[in-house]
Amino acid sequence: MSSELSPADVLASYPPHAETIPALLASRAAVLPEKAALEFESRIWSYGALDEVSTLLACAAARRGVNKGDRIALVSVNTDLSVIVFLAAAKLGALFVPLNP
């Protein structure tokens, strides 16, 4: 028997969510705003803080003309900032393009 999974097997094991990542973050931030959501080195981000700072970044990007379908590139090593930029892009419907130096 093959160990490969068919697309139907994957969907059965991991059903798609109706909500988007920003909606899931916002709902978690509303219920548990102080709960730790992300830890990187000595920084700990709560759900509320992640939601707030990614919204602020999304608003700043939108003011600079970033729209749905646009690409937001970040040249950086993997950090907590990468997650925040990803969330901001998702809130705008933009694509996050990580460029690791």
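General observations
- When G69 is tested against (1) in a helix (DSSP H, G or I); (2) at positive phi, exactly one condition is not met: (1).
- Note on region 29-58: residues that are of a type outside the set (D, E, K, R), closer than 18 Å to A88 by Cβ and either touching a strand residue (DSSP E or B) at 6+ places or on another chain (Cβ under 9 Å) or surrounded by 13 or more Cβ atoms within 10 Å (Cβ to Cβ) (or both) amount to 15.
- So K91, is it modelled with pLDDT of 95 or more, open to solvent by 80 Å² or more (accessible area, probe 1.4 Å) and either hydroxyl-bearing (S, T, Y) or in contact with a helix residue (DSSP H, G or I) (Cβ under 6 Å, 6 or more places away or on another chain) (or both): no
- Pick from region 4-53, criterion more than 15 Å from L87 (Cβ to Cβ), assigned to a loop (DSSP other than H, G, I, E, B) and of a type in the set (D, E), ranking: modelled with the lowest pLDDT: E4
- Sole exception among (1) in contact (Cβ under 8 Å) with a residue 40 or more places away in the chain; (2) part of a helix (DSSP H, G or I) for L56, by number: (1)
The values are calculated or read from the model by the stated rules, or taken from the named source; none is laboratory data. Just so we're clear, the structure is a prediction, and the values are computed from it rather than from any experiment. For neighbour counting, all protein chains shown are included, and Cβ atoms are generated from backbone atoms with ideal geometry for every residue, glycine included. Accessible surface is based on the protein model in full, side chains and every heavy atom, while ligands, DNA and RNA are left aside. Shrake-Rupley method; radii C 1.70, N 1.55, O 1.52, S 1.80 Å.
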